[in-house]
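In what follows, a structure is listed as structure tokens, so that the remarks can point back to it.
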Amino acid sequence: MILRVVLAAFAALGFFIVPAALAQTPASPSPPPASLAPPNTPNGARPGNEIGTGSSLPLGSSASNINPSDTPSTLAPNLPSPPIGENASPREYLMSARGALAAGRTGEAQQSMEMAETRTLDRSVAYNATMQPDDSRFIQLITQALQALASGDRSRSLTLIDQAMPLARS
């Protein structure tokens, strides 16, 4: 008896749902905005970007997009990598940043400082502290050096790098 009631209820429900579902026509998808449209390259990359090479457009050689005052575009340029390899220590990245900055290669200096900062953030922390930013003196000095670079003060940036160097992990 209960089985008949359950079956009757499902049948009645199906009587209302099936016609409503059949009456719906699928909406035609709207095309994506031009900025999200698929690229016309066979490998799926934007023109000028080679997958797996670390090379992408736009390329840049000058420091930029550090803060709003030095951000000419919403697309940050691909900055030159330091010539020390991607597994270098924070200290090696800072030494590379110092050399690049002294030679006037501000884009490479920015990339090196950002890599020093990133390598420093690769650290072990307690599970409940994973969302807390690293506010160590080393990170503060790199942040200040990047801000000095953004404002065009290379001398101040070099001084801050020199102050951070003894605090860097080797």
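Structure summary
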{"read-out": "Extension gain, Arg156 back to Ala126 (0.36 nm per residue minus Cα-Cα distance, nm)", "value": "7.3 nm"}
{"read-out": "Cβ crowding within 10 Å averaged over residues, with 84-92, 143-151 ranked highest first", "value": "143-151, 84-92"}
{"read-out": "Packing rank of 117-123, 127-133, 160-166, where each peptide gets the mean count of other beta carbons within 10 Å, highest leading", "value": "160-166, 117-123, 127-133"}
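A short reminder: the numbers here are calculations on the coordinates, not readings from a lab. Please read all numbers here as calculations on a predicted model, not as lab measurements. Cβ coordinates were reconstructed from backbone atoms using ideal geometry, including for glycine residues, and neighbour counts include every protein chain displayed.
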